[in-house]
Amino acid sequence: MTLTPHAMGTAMPRPEGPEKVRGRAPYAFEHPAAEPLYLFPVQAAIPRGRVTAIDTSAADALDGVVLVLTPETAPRLSDAIDPDHGVLQSAQVHQYGQYVAAVVATTSETAREAADLVRVTYAQEPHVAALDEDSSELYGPDTLVTGAPADDTRGDPDAALAGAAVTVRATYRTPMEHHEPMEPHTTVAVWEGERLVVHEATQAVSWTRQALAGAFGLAEDDVDVVAPHVGGGFGSKGGTHPNTVLTALVARAVPGRTVKYALTRQQMFDLVGYRPATIQHVALGADADGRLTAITHDVVEQSSRIQEFVEPTAAFSRGMYEAGARRTTHRVAPLDIGVPTYMRAPGEAPGSFGAECAMDELAGALGVDPIELRVRNEPEVDPEQGLPYSSRNLVACLRRGAERFDWSRRDPTPRSRLVDGWWHGTGVAAASFPVVRFPGSEARVRAARNGALGNGAGAPRYVVEIAASDIGQGAWAALTAIAADALDVPVERIDLAIGDTAFGSASPAGGSSGTTSWGAAITEAAERFRDKYGDDPDDGDEADATTPDNPWAAEYAMHAYGAHFAEVAVHADTGEIRVPRMLGVFAAGRIVNPLTARSQFLGGMTMGLSAALHEESVLDDRFGHVVNRDFAGYHIATCADVGRMDVEWLDEDDPYVNPMGSKGIGEIGIVGAAAAIANAAHHATGVRVRSLPITLDAFL
Ligand code: MOS
């Protein structure tokens, strides 16, 4: 089924916006409870070893302390859980900052003071926390990157490189980065008998429920997870981390009492995931006309010893351009540090930095315009799957951006424009992100003609329930519009309910998949509803559906595309780097809500700017911890760092992706943004910076 858009494509303010700006939209920590208790953890001060003793006497004696839990006194968890979910289950320490004890008190201040009084002694063991690509201990080709093989080779890339007219070989590096949404990770947990009720800052109420049910050996039906509003996620709130399990564990020891735990900003750097550092060896070979004959993208990157997570960094190079031969590999260093996780465009964000900078270097080596080089290597079919594209408008994005950015007037010579003491340059990079559909989201449509929601004899209202998450991307608005179009009624007659496992299972706000996965389920439920009851239903009539499979999945390769343009200014004396102008042009199917979509693209581009110039978690490998673990040390682009930023999208009609014709837009804005800035910095100064973030010392 393909929807006819009425609400879709029309700018729609966030329905929850007024409540948010009045401070009335409840975020997890604000969930009211009678006499809540507050948790503060004690964290390991060694990267690896064993706790030999914990002295809680001073903490126990503090007025207001209810309980101090240690591995010896904590309730037991099920064994069948993620390695880092086994909080307070053993004396083993596998990372600096790991939870080794927890205090519960009547105020958060008391809990924090008491945690400080807990004395822990350790037997330390040798650890490894430095990313060393020559290490003998790297996970090999049998590791998996998001379900796909770590290695993928077509043809003989080394022979093709040896025979190429022009080659570029370079190593690119991206740092460890941490997600820092405005709202830290938060859990509010209470046990009501054998039921666990959790208010959580999460991108995925169902995944949280699944993880907690597993940890405590419960049926999923015995766990409620609620998250109507979430103050940003970026991926770290997709998976479940030790903080959530710890809060539920502590709550189990005080039955009937509500326990609240909000991470401090510093704790956000310890236990809730990060984007791992990457080392990327990229080689491109081309014939004299600039047609690629070989691509190799060989990656070494960080992971954790206790749990494998492989950033799919080189995956970007598998599908972007046509080349006769190609190799992509991932090798992973298992370090004694926390477990990495998905962070906005996992794989594509760091991988596009290496791949799209290398394309710029190749353009320079060939003397071909970097846009023209990309146009010449546009594939006929998807190089990874061998399938035709459902739609691919990268070239149109590049051409439109070139027009708006006055690309034709650009002098390609690096270091040729000095204005008032600043070297100016412009750069371009391409972006792509797959169209992801997760299975298993349950949607329900119910007619409400009477009572609080209905209006008696008048037009029916429709309650639409789905356990989707709005982490700021605008799901409340987008899903309301989709439901309205699927039911063929105005948006005013839709009452959407999301963010609660009471509505069943749903896939996460992640992988830029939300609108596709949830929207397809809502559309299916609406279709069944109308088949059954028509457009004049009785009060209480209802129908439900689960996300259908995409019938075109095996026929077409499906991706969104984009082109980033950046202008960079580098101070001739100080090396200070500024980005006065960015433009992103995207082709991402139908844009469901232009208002919030623009924000998503802008947010992605801003995060790309931030990665290009600011963000870097500095890991002290002597201790295995991040030293710049706050906003004073971990720099994120502020308004003052963002110049003029423009977003445009092309109309794209894609009948294959989903009933809405939409592609995901949450992540593509960051993909390629840092490369465009690095390429512009090279054009400005003649200095090629291959390591992020780009700081002024590179130009001195
Ligand atoms: Mo995102 S990194 O897909 O939550």
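Observations, loosely collected:
- Percent of alpha-carbon pairs separated by more than 22 Å within region 315-394: 37 percent
- Magnitude of the charge dipole, the chain, Cβ model with Lys/Arg +1 and Asp/Glu -1, debye to 20: 1040 debye
- Coordinate range of the alpha-carbon atoms in region 242-374 per principal axis, descending: 73, 26, 22 Å.
- Around residue 582: net Lys/Arg minus Asp/Glu count, Cβ-Cβ under 9 Å: 0
- Stokes-Einstein translational diffusion, region 370-479 - Kirkwood Rh over all Cα pairs, 1.002 mPa s, 20 °C, in µm²/s: 107 µm²/s
- Normalised convex hull volume, region 596-637, alpha-carbon set, Å³ per residue: 77 Å³
- Cα-Cα P(r), region 49-180, percent of pairs per 10 Å interval: 9, 23, 26, 17, 13, 7, 5, 1
- Based on DSSP H segments of at least four residues, each scored -39500 (n - 2.57), the chain has a per-residue ellipticity at 222 nm of -7000 deg cm²/dmol.
- Here the average projected area of the convex hull drawn through the C-alpha atoms of region 71-140 stands at 7.4 nm².
- Anisotropy class of region 467-520 from Cα gyration tensor, a/c 1.5 cut: prolate
- A full extension of the chain between residue 220 and residue 653 corresponds to an added length of 151.9 nm, given 0.36 nm per residue minus the alpha carbon distance.
- Computed FRET value (nearest 0.05) for residue 535 with residue 80, which takes r as the C-beta separation and R₀ as 41 Å: 0.30
- Counted charge near residue 64, where neighbours are those whose Cβ lies closer than 15 Å (Asp, Glu -1; Lys, Arg +1): -3
- Modelled label reach - residue 395, point 7 Å along Cα→Cβ, region 351-387 residues with backbone N closer than 19 Å: 363, 368-384, 386-387
- The convex hull around the C-alpha trace of region 1-122, projected and averaged over every direction, spans 13.4 square nanometres.
- Extents of region 133-231, taken as max minus min of Cα coordinates on every principal axis and listed largest first, are 70, 31, 27 Å.
- Cα centroid separation - region 453-523 against region 13-63, whole Å: 31 Å
- Just the protein heavy atoms count here, and of the accessible area of region 517-616 at 1.4 Å, carbon and sulfur take up 43 percent.
- At an R0 of 51 angstrom, the distance between the Cβ atoms of residue 387 and residue 194 translates into a FRET efficiency of 0.55.
- Cα-based Rg and Dmax for the chain, where Dmax is the largest Cα-Cα distance (Å): 26.0, 78
- Per residue, the convex hull spanned by the Cα atoms of region 503-634 amounts to 235 cubic angstrom.
- What the phi angles of region 206-219 give under the Karplus curve with 6.51, -1.76 and 1.60, with θ = phi - 60°, is a coupling list of 5, 5, 5, 4, 4, 5, 6, 4, x, 5, 9, x, 9, 6 Hz, glycine and proline written as x.
- FRET E, pair residue 571, residue 639, Förster distance 22 Å, beta-carbon r, rounded to 0.05: 0.60
- If you bin all the Cα-Cα distances of region 552-693 at 5 Å, starting from zero, the percentages per bin are 2, 9, 17, 17, 15, 13, 10, 8, 5, 2, 1, 0.
- With a threshold of 26 Å on the Cα-Cα distance, the over-threshold entries among 237/532; 532/663; 237/663; 260/663 are 237/532; 532/663; 260/663.
- Taking amide H positions as modeled 1.01 Å from N, with prolines and chain starts lacking one, no residue 5 or more places away or on another chain lies under 5 Å from residue 510.
- Estimated translational D of region 611-686 in µm²/s (Stokes, Kirkwood radius over Cα pairs; 20 °C; 1.002 mPa s): 131 µm²/s
- Shown are 542, 35, 30, whose ranking by accessible area with a 1.4 Å probe and every protein chain present, most to least, is 35, 30, 542.
- Cβ-defined net charge surrounding residue 139, 12 Å radius [Lys, Arg +1; Asp, Glu -1]: -3
- Viscosity 0.692 mPa s, 37 °C: Kirkwood-radius Stokes-Einstein D of region 55-102 over Cα pairs, µm²/s: 273 µm²/s
- Averaging over all projection directions, the Cα-based convex hull of region 435-578 occupies 12.6 nm² in the image plane.
- For the pair residue 92 and residue 6 in one chain, pulling the backbone fully straight at 0.36 nm per residue adds 25.2 nm over the alpha carbon distance.
The values are calculated or read from the model by the stated rules, or taken from the named source; none is laboratory data. Because the structure is predicted, anything quoted here is derived from the model rather than measured. Backbone-built Cβ (ideal geometry, glycine too); neighbour counts: all protein chains shown. To get the accessible areas, we keep the full protein, side chains included, count just its heavy atoms, and leave off ligands, DNA and RNA. Shrake-Rupley method; radii C 1.70, N 1.55, O 1.52, S 1.80 Å.
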